[in-house]
Each structure stands twice: as C-alpha cells, then as structure tokens.
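Notes for the one structure printed next.
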Amino acid sequence: MVAQLKDFLHALGHALRNLLPIIVVVVAFQALLLREWPEGGLGIAIGLLIVAVGVALFLQGLELSIFPVGKRLANQFARRGSMPLLMLFGFAIGFSAVVAEPALIAVADQAAMISEGRIDALTLRLIVASSVGLVMALGVFRVILGHPLHWYMIVGYVLVVLVTFFAPEEIVGLAYDSGGVTTNIVTVPLIAALGIGLASSIRGRNPLIDGFGLVALAVMVPMISVQLYGIIVYADPGEIANGGEMLLADEQTAMPAGWLTMILDLFGMLRDVLPIILVILFFQYAVLRQSLASPLKVGVGFALVIVGLYAFVVGLKLGLFPIGERMAEQLIAYDSWIWVYLFAFCIGFATTMAEPALIAVGQQAEEAAAGKIRGNVIRILVALGVAIGITIGVHRIITGDSIHYYIIGGYLLVIFLTALAPRYIVALAFDLGGVTTSEVTVPLVTALGIGLASQIDGRNVMIDGFGLIAFASIFPIVTVMIYAILMEKMAHLGGKKT
C-alpha cells in the first residue's frame, strides 16, 4: 500500500511537471502583457489540479493493469509465432486502446457539439478506433515480413492528399486532428513496445528501422477514414441538425444533479474502457487459456483507470478548455497579431519539451540507434517543429485560408523529404510526429483554435477551429528529417575531406 501511494505521488508530480510549462506561458502572458488575472482564475487552477490528479490515477491504473497484462500477452503470442494470431491481437489492442483515449473523447465531443449533432461523437470514435486496429494488424504484418516503411508512408499520404481534394471543408481539419490524437497516453507505450519487441525478437530485423513506424501508421489511416465519413455525412446539405446544440442543452438540463450524475458519468467512463478490458480478458482466457497473474491487482488498476478518466474530463472542462478560449479572446483584443503568434509558438514548444511520450520514445530511439541519435536533440527538434506547426496553423485561422492547401502542401513536403532522408530516420520521424500531441496539449490547442475561430469575424468554427493538431503532427516530421539529411550530408563531406 505504501509503495503504491509513493507511485501515485510520483505520477502526480510527473503530471504537475507536464502542466508546468503551460502554466508558465499563461502566467507570463497574463502578467507581462495582459496584466490581469483571468476571469474565473480560481476555477481554472482547480481544473488544472483535477487534470493532474486524473492523469496520475490513470497512469497508476495503466501500470497496474493494462501495461503488464498487454506486454505479457504480446510476448506469449510472439513465442507462438502465429502471424494471424499476432495480427488479430494487434487489431484488438489498437481498437480498444484508442476507443478509451481521453484526448479523442474530448475532440469527438467538441466536434459533435460544434457540428450541431451532425457528427456523432461515438461514431467518430469507432471509425478512428477501427482504423487504428487495422493499422496495427498491417504494422505487425510489415514488421514480420521486413517491408521498408517509407513505401507504406509515401503511398498512404498520397491517398491522404487525394481524399482531401474530395472531402468537404467542414471535415478536413477534424480528420487530421483525429489522426493526431490517436497516439497518446494509452496507445504510444503499447504500440511502441509491440513494434520494438517484435523487431527485436525476429532475426534480421533492426529495432530502429523495423521497430518504429506503428505509431506513424496509426496517425495516417484515421485521416483517410474520417474524411470518407465526412464525405458521407455532408453529402446532403439539407440534413444539418440545427437543433443539435439545443438537444445537447436539453439533455444536460434533464440529467439529474449531484451524486447521481457523478455515478452515471463514471458508468459512462466504464463503457469507454470496457472494450480494452474485454479484449485482454478474451485473449487471456479464451485464446491462451491462462488465468491472470494478479486478478485483484489488475481489477484495482482498471478501477483507477476509470476514475482517472472521469477526473481528467472534469478537469478539462474546468481548466484547459477555458484557458485556450480566454487567452484567444484576450490576445485578439490587441491591435497586433504578433502576440497571438508568439503565444502559439511558446505553447507549442513548452508543452512538447515536457511531453512524457516524446521523452520515452527519444530514449528508446537513442538506445536502438547505437550512437546515431541523441534523445535531447530529438526533443528540441520535435518541440521546434510543433511550435512552427501551431504558429502556421494559427496564421491560417487568422487569414481565413483554406486548410486544404496547407495540409496538402505540408504532406507533399513530407513525401519529398521521405524520398531523400536516410532510411534509419524515416520510421522514427513519422512516429515522432504522432507522439507530440499529449493528453494536455490536445485539449489546450483544440480550445485555442476554436477560441480564435469563434472570435474572428467571418470564420466558421467547424471549418477553421480544427486543424491545429494536424499542423503539430506534420512539422516535427519535417524538422527531424531535414536534420538527418543535413547531418548525413555533413558526414559525407567530412569523409571526402579526410
């Protein structure tokens, strides 16, 4: 019990440290530029604290339940050497982990509300989760057969660009954001561990070249499927649910208050986590026909996951969403847009430098690369890419330009760099583009985009409000690949001189 309490306090301190860069940036802008305490500041502070507690409980639950059970299952399936079984397990883990992803839940709920009920939050989550499940199965197939990742990514992003030409503008930003939020606090450790574990256990595979790449595929395919969903949903302009927002309001007012509401919300979180619980139990008992090592410990872990998710969502509504929207409103009031650009750049850089998934992947890459890559350099390059990406995304909202041209241009640049970059960096670069959007960054950046779009005349919140997460995913790929290309050129020139 004492050890578990220490682990929880450690996780809470870790979550608070991840929030610290955001707090520093917001406080600096409020104190030095706006020179006022934000309205509802106490509620925002309480919300941020609840977010930290929720993330800590969630992480503690993962460490007790999903992570150890998932790793044991992956090792047992790898030892059996059955490709169909491994692919089925990859699909099930990918689907169940993404359905329970907190950031995807937040983005889907925002999209359902802003689209006035036209986009269904649960349908959107199921589409994204199914896409990631299929990608995991495909990724396992690629690692086992040793196919080069760059061909998968080039063909995939050509398809992404082609679908974007036909997709309605209301869905493009949301589709790219949905791809960005699939790889997060739950999925990245599971996906990365599965890929690197497979590559390490198969003779002739390189963990750096073959082990990475599953995260990148998990980002790409949902972009295609959500845009196809948008083409269907927006096919008939007459079907817009104008009463959607009112319906949401009516449902909220009809809901019982107090403890009963809390219990119902907790049951809602149980529904969100139930798929991954069922997947693990099915493969453990029905396929492997083995009992869980510590059923009580695993049960407590799942309970902590559910409570942590509930606290996380409550904290978002109290803390992070208001910060993004109010900062956007306050900064727009100034005559110069320079402060909006500066805030976007600082938030992008600061939050990414503290991103735990990025730190973990950077360390794994440094170990797998045997001296070719330094984890700290990777973090700075990725943080710079996110900062640049969010700044360009904010510029698009301010100018009202179509997101199609920015996204298509960005991924055409990525495809071009993929053809030039050294093979050892390609899979890692694409994976790094997927781990930049954390459970804290996604809600804040989404709220910033929606806040800007709602405050600037002539902007449509559904069309212009989404898309910032997509920019945060594209430009880290660009900065990491450019760095690798330059380093290789410099090494080549140095070799010639000697």
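So here's what we get for this one:
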| read-out | value |
| --- | --- |
| For the stretch 152-165, 3J(HN,Hα) per residue [Karplus equation, 6.51 cos²θ - 1.76 cosθ + 1.60, θ = phi - 60°, Hz, x = Gly/Pro] | 4, 6, 5, 5, x, 6, 5, 5, 4, 5, 5, 5, 4, 4 |
| J(HN,Hα) series, the stretch 293-305, from Karplus relation 6.51 cos²θ - 1.76 cosθ + 1.60, nearest Hz, glycine and proline x | 5, 9, x, 5, 4, 5, x, 4, x, 5, 4, 5, 4 |
| Angstrom value of the Kirkwood radius, inverse mean 1/r, which spans all Cα pairs in the stretch 130-187 | 13.1 |
| Interchain or long-range residues, amide H under 5 Å from R118's placed H | A241 |
| Length released on extending from A28 to E329, taking residue separation times 0.36 nm less the Cα-Cα span | 106.7 nm |
| Solvent exposure, largest accessible area first (probe 1.4 Å, DNA, RNA and ligands not counted), of K297, K317 | K317, K297 |
| Per-residue ³J(HN,Hα) for the stretch 343-348, Karplus 6.51 cos²θ - 1.76 cosθ + 1.60, θ = phi - 60°, Hz, x for Gly and Pro | 4, 4, 5, 5, 4, x |
| Segment N460-Q76, length gained on full extension (0.36 nm per residue, minus Cα span) | 133.2 nm |
| Exposure ranking of V226, V155, V377 by accessible area [1.4 Å probe, largest first] | V155, V377, V226 |
| Protein-only accessible surface order, largest first, of D120, D431 at 1.4 Å | D120, D431 |
| Solvent accessible area, Å² - W337, 1.4 Å probe, full protein context | 90 |
| Where labels lie 7 Å past Cα in the beta-carbon direction, separation of L20 and S294 in nm | 2.9 |
| Sequence-distant residues sharing a close amide H with G213 (under 5 Å, placed H) | D431 |
| Binned Cα-Cα distances of the stretch 72-177, short to long, each 10 Å bin given as a whole percent | 13, 34, 33, 16, 3 |
| Calculated FRET value between L85 and R423, using beta carbons and R₀ = 25 Å, to 0.05 | 0.25 |
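The values are calculated or read from the model by the stated rules, or taken from the named source; none is laboratory data. Not measured: the values here are computed from a predicted model. Cβ sites come from the backbone with ideal geometry, for glycine too, and all protein chains shown count toward neighbours. Calculation scope for accessible area: heavy atoms of the full protein, side chains included, ligands and nucleic acids excluded. Shrake-Rupley method; radii C 1.70, N 1.55, O 1.52, S 1.80 Å.
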